[in-house]
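The values are calculated or read from the model by the stated rules, or taken from the named source; none is laboratory data. Every value quoted in this text rests on a predicted model; they were computed, and no experiment measured them. Here the Cβ positions follow ideal geometry from the backbone for every residue, glycine too, while neighbour counts run over all protein chains shown. Surface accessibility is based on the protein's heavy atoms, side chains included, excluding ligands, DNA and RNA. Shrake-Rupley method; radii C 1.70, N 1.55, O 1.52, S 1.80 Å.
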Amino acid sequence: MQQDLDLPQDSFRLMRIGEYDARTRSDDFYALRDQILQSEPSYPQIGRWFDGRVLEGLRSGQRTGYVGLINERPIAAVVKRGQAAKFCHLKIDPSAKSRSLGDLFFTLMTLDVRHQAQRVRFTLPESVWLDRRSFFKGFSFLEAEKSGRQYRLFESELFSETSFASLFDASRNKLPRLMGQLAIADHSLLTGAVLAVQPEPLMKIFSGVKTVEIRTRFSSRWEGRRISLYGTQPISGLAGEATVSRVIGGPPDRLWEHFGPQMGCTRAQFDAYTKGREQVYAVMLSDVRAFADAVPLAQLSHLLGIHLAVPQSYASLANCDGWLSAVVLAAALQGSIGVRKKPTVPTIPMTHVHQAPLRLAR
C-alpha cells in the first residue's frame, strides 16, 4: 500500500505567473516578486535579477513563475525554458513541513519545460544539497559539483544537472500519487465531472454568449459543483472549467421558452437535438474559465502513462481514477489547483523532512 502524501490539509492553492501577469503587474506577479525578494539578505542581487531577467522572461514566455499559498503564506518558484532549461528559484518555507510540496513544484516545473528541454540544471547552496540529497536524487539529480558562479553569500554554491528524459521519467512516476490529492479550485474532485462539448458551442460558453447547455440526461446533484469542460474533435482535450449553478428539467418547448436566448443555438438546431424527447435538461453554467491552451487528451494520456477514453456527454470523476488525475494535471498546468480537504486522514510523521528552507539559486 502506498503511503499517503504529506501535502498541507488546511489551505493550499497555486497560481501560475506568466506573460499577462508580468505585463499588467498583477497582484499575483507582486506576490511572486515579494516572496523572491525575501532571499535578498543571502542573495544581494536577487532584486535586480528579478526586475531584469525574470520580468523580461515572463513577458516573452521564456520563464514561468509559480506562487503557492499555504494559509496565505507564499511559496515561490521560477523556471526558465529552453533546450538547457533551468530551475531558477524555489523557496519552500520550513513551516510548510512538507516534502510533497517539493515534489509538486519540481513536477510542475518539469512539465513546464517539456516542449524544448534536453537538459535541466540548477544551482543551490551546499547545505541544501547535503540536507536534501535524497529528494534531488528522486528527480534524477544524482551529483552536484562546485558552480562556476557564486550567487549566495557565505556558502559555497553547487551545480547539478540531469537529462530531461531522466527527469521526466522520475516526475511522471510521481504524478499518480500527487494528482490524487489535488483538487480544482476549492472543490473536491470526488464531486467533479467532465462535460464534453462540441467546439462551436464551447467557444460560445467561453465568450459568454452561451450560458445554458442542453442535455438529454443530467442530474441535479451536480448543482453548485465545479466541472471540467472537454472540447470534442478537433480540440480533443480539456479546455476549461465552469460551475453548474442550476439544473432544470422539463419539456423541450418549455425550456426553449425560458432559456432560448441563452442556449447559443437556433430553434432548428434545438429541435433537431431534442426531437422525440419528452424531457431534457437545462444546465446553467457560471464562473466559466477557459484554459490559456487546451490540454490534448493524447498529451494527458502520455504524461500520466495511461489510456484515457474520450468522455461521452459527461462523466463523473468519483470512480474514474484516470480522468481524475487527468483533470487535476490539466488544472495544474494552468496554475489552478488546491489540496482536497481530507479531515479524517491521520497525521503522517515528518521525520524525513528537514527544517531548512528548500532554496535553489538563480
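Quick check on the stretch 239-250. Is at least one of its residues touching a Pro at 6+ places or on another chain (Cβ under 8 Å) and open to solvent by 10 Å² or more (accessible area, probe 1.4 Å)? No, that holds for no residue. Would you confirm, using the coordinates I've provided, whether Gln269 is polar (S, T, N, Q), surrounded by fewer than 20 Cβ atoms within 10 Å (Cβ to Cβ) and part of a helix (DSSP H, G or I)? For Gln269, the condition - polar (S, T, N, Q), surrounded by fewer than 20 Cβ atoms within 10 Å (Cβ to Cβ) and part of a helix (DSSP H, G or I) - is met. A search for C-beta distances below 6 Å between a residue of the stretch 92-116 that is farther than 15 Å from Arg63 by Cβ and any residue that is at pLDDT 70 or above and outside any helix (DSSP H, G or I), counting only pairs 6+ apart in sequence or on different chains, returns Ile92/Ile75; Phe106/Phe139. Kindly list the number of the only condition in (1) over 30 Å from Ala77 (Cα atoms); (2) among the aliphatic types (A, V, I, L, M); (3) free of Cβ contacts under 8 Å to residues at least 24 places away in the same chain that fails for Val283. Failed condition: (3). A single member of Val283, Val310 is open to solvent by less than 40 Å² (accessible area, probe 1.4 Å) and modelled with pLDDT of 85 or more, and it is Val283. Is it the case that the stretch 242-255 has a residue that's basic (Lys, Arg) and farther than 27 Å from Ser301 by Cα? Yes: one or more hits.
Elements of the type helices (runs of 4 or more DSSP H) sitting completely within the stretch 14-85 and holding at least 3 residues that are closer than 18 Å to Asp112 by Cα and open to solvent by less than 20 Å² (accessible area, probe 1.4 Å): these cover 55-60. Just a yes or no: is a residue in the stretch 256-263 more than 17 Å from Val209 (Cβ to Cβ), modelled with pLDDT of 95 or more and open to solvent by less than 20 Å² (accessible area, probe 1.4 Å)? Checking the stretch 256-263: not a single residue is more than 17 Å from Val209 (Cβ to Cβ), modelled with pLDDT of 95 or more and open to solvent by less than 20 Å² (accessible area, probe 1.4 Å).
Every condition in (1) open to solvent by less than 30 Å² (accessible area, probe 1.4 Å); (2) at pLDDT below 90; (3) not basic (Lys, Arg) holds for His187 except the one numbered (1).
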